[in-house]
Every structure is written in structure tokens, then in C-alpha cells.
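Here the structure is laid out as C-alpha cells; the discussion comes afterwards.
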Amino acid sequence: MVVQAIKAVRQSHEPTKELLDLMETFRLMVNRCIQIGLENNVTSLKTLSSKSYRQLSVFKTPSYYRLCAISHSVGILRNFRKALRRGRKVRIPFARRPMLTTCYGFKILDGKLRLPLGNQQFAWIRLNQHTQEVLSDPSLTVRSVCLIARTISIAFSKEIAEVEPAGLIGMDRNLDNVSTASSDGSIRAYDLSKAAEIRAKYRAIKTHLKRNDARVKKQVFGNYGRKQRNRTIQLLHLTSKDIVR
């Protein structure tokens with residue numbers, strides 16, 4: 001049996017001012033759709049589209065970005081309704097950071113991602129070597145693109161043959177270690193204490209930073225936060241890769 005697997009490849013990027021403006025506009029459209037959905041008590045894509053599409057015409061973007069903003073807000077609204085049904089204490093949802101999600105209009109040409117800005121203008125993002133190698137497989141289909149401040153994720157689908165499992169494996173995840181046990185009787189433990197040490201180290205560094213300018217402080221904290229995440233993600237990636245192997 002052949003099944004369709006959906007995966008994503010991610011890389012860093014430095015957005016231009018035009019692209020940042022487009023991401024901010026997309027965020028505003030998502031928030032407007034969320035507001036309309038809450039006011040009319042709707043969560044279905046069809047109903048929300050009929051009620052919000054015309055109102056989004058005030059935003060000067062290509063029309064397919066409006067459709068993607070509506071689809072994105074539907075997911076947020078459904079998660080909000082589900083949390084309410086389960087009795088959780090949740091805040092009114094809204095998108096806080098600039099972003100862009102689209103499954104229309106983009107193209108990958110000569111190792112670059114092309115995104116339309118409107119009025120026959122385009123934003124170009126150079127893809128790194130790893131991303132190009134992953135997307136060079138002729139058997140896969142690129143489905144969508146998601147951008148946040150400095151990260152881009154490209155989702156793709158690929159048909160693969162279903163594999164009959166030879167056994168089972170269970171994992172026990174803790175703060176500073178991961179233990180695995182498989183049906184063949186083997187047991188392994190992976191030490192993740194270094195990840196906790198990295199978080200504690202950067203937390204201590206940030207507590208010693210004293211700046212009166214909130215904007216500079218936010219930027220410095222963001223830089224240290226990215227360094228912490230990158231080092232932690234690398235450690236977790238190597239561990240998960242070894243478990244899969």
C-alpha cells in the first residue's frame with residue numbers, strides 16, 4: 001500500500017522591509033478574521049469566508065493571501081472553541097507576531113523562493129544547500145510556505161510505500177533524559193542534562209543584563225534566546241536521530 005507523507009524543511013532567512021510589511025498585513029488580516037468569527041460565532045471555513053472575504057479587501061494584498069488568512073484563522077478559532085468545551089481558562093485569541101502562510105502564488109526558481117507582493121512585485125528568498133537538496137527530489141510536491149520573523153518552513157508531500165513494523169518502541173521523556181525500550185528487550189537511556197544546563201546558563205546571562213532602553217533590551221534578549229534555542233534544538237535533534245536509527 002502507498003501512503004502520502006507530509007513533511008517540512010526549515011531554514012533561517014533575513015526578511016526585507018517589503019516582506020516584513022506583507023507579514024504584518026497578513027497578521028492583521030488573521031486578527032480581523034478571528035474577530036469576525038467570534039462576533040458571529042462561526043468556525044467553519046465556508047461561513048467565515050462568506051462573512052470576511054469582502055471585509056479583507058481593504059488590505060492591499062493579492063487575493064490568495066486573504067484566503068490563506070481565513071484558513072489560518074479557522075484553525076485558531078477551532079482550537080479556541082475546543083479549549084472552551086474542555087473547561088480550560090483561555091484568553092481571546094489573536095496573532096501577535098508578523099507571519100505569512102500561503103499555498104498559492106509562490107514558486108521555486110533557480111534555488112530561490114519567489115513570493116508575490118502585488119502589483120507585479122516579488123520577494124526573493126535564497127534557499128540554503130540543505131533545503132535545495134531536499135526539494136530537488138522529483139517525486140515530492142511542494143504544498144505550502146510558512147514564514148515568521150527569521151524562519152521559513154516549506155511543507156511538501158511524497159508518496160511512500162507502507163512499511164510493516166518489525167517491532168515496537170516506547171519512550172519515557174523527562175527533563176534531563178530520555179529512556180527507550182523496544183519489544184526485542186533492548187533498553188537505552190540518553191542524557192539530556194546538557195540541554196537544561198544550556199537553559200540555566202543563558203537564563204543567568206540575561207539576569208545580569210541591565211539596560212534602560214526597552215527596545216535594546218528586547219533585541220539583546222531575543223539574540224540570546226535564539227542562541228539558546230539553536231543549541232538546545234541541535235542537541236535534541238542528534239538524540240532523536242540516534243533513536244530513529
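Data for the structure
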| read-out | value |
| --- | --- |
| Residues satisfying the stated conditions in the stretch 136-159, i.e. among the basic types (Lys, Arg) and more than 20 Å from Ala123 (Cβ to Cβ) | Lys158 |
| Residue match in the stretch 160-169 (condition: in a strand (DSSP E or B) and either within 27 Å of Pro15 (Cβ to Cβ) or at pLDDT 90 or above (or both)) | yes |
| Odd one out for Ser240 among (1) within 30 Å of Lys17 (Cβ to Cβ); (2) of a type in the set (Gly, Ala, Ser); (3) within 21 Å of the chain's Cα centre (by Cα) | (1) |
| Search result, residues across the stretch 71-102 that are part of a helix (DSSP H, G or I) and either more than 17 Å from the chain's Cα centre (by Cα) or of a type in the set (Gly, Ala, Ser) (or both) | Ser71, Ser73, Gly75, Leu77, Arg78, Phe80, Arg81, Lys82, Ala83, Leu84, Arg85 |
| Whichever residue in the stretch 4-49 is β-branched (Val, Ile, Thr) and buried (at least 16 other Cβ atoms within 10 Å of the Cβ) and, among such residues, is nearest to Arg114 (Cα to Cα) | Val9 |
| Checking Ser52 against (1) over 16 Å from the mean Cα position of the chain (by Cα); (2) in contact (Cβ under 8 Å) with a residue 40 or more places away in the chain; (3) buried (at least 19 other Cβ atoms within 10 Å of the Cβ), the condition it does not meet | (2) |
| Any hit, the stretch 7-26, residues being more than 20 Å from Leu127 (Cα to Cα) and over 22 Å from the mean Cα position of the chain (by Cα) | no |
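The values are calculated or read from the model by the stated rules, or taken from the named source; none is laboratory data. If you're wondering where the values come from, they're calculated on a predicted model, not measured in any experiment. Reconstructed Cβ throughout: ideal geometry from the backbone, glycine too, with neighbour counts over all protein chains shown.
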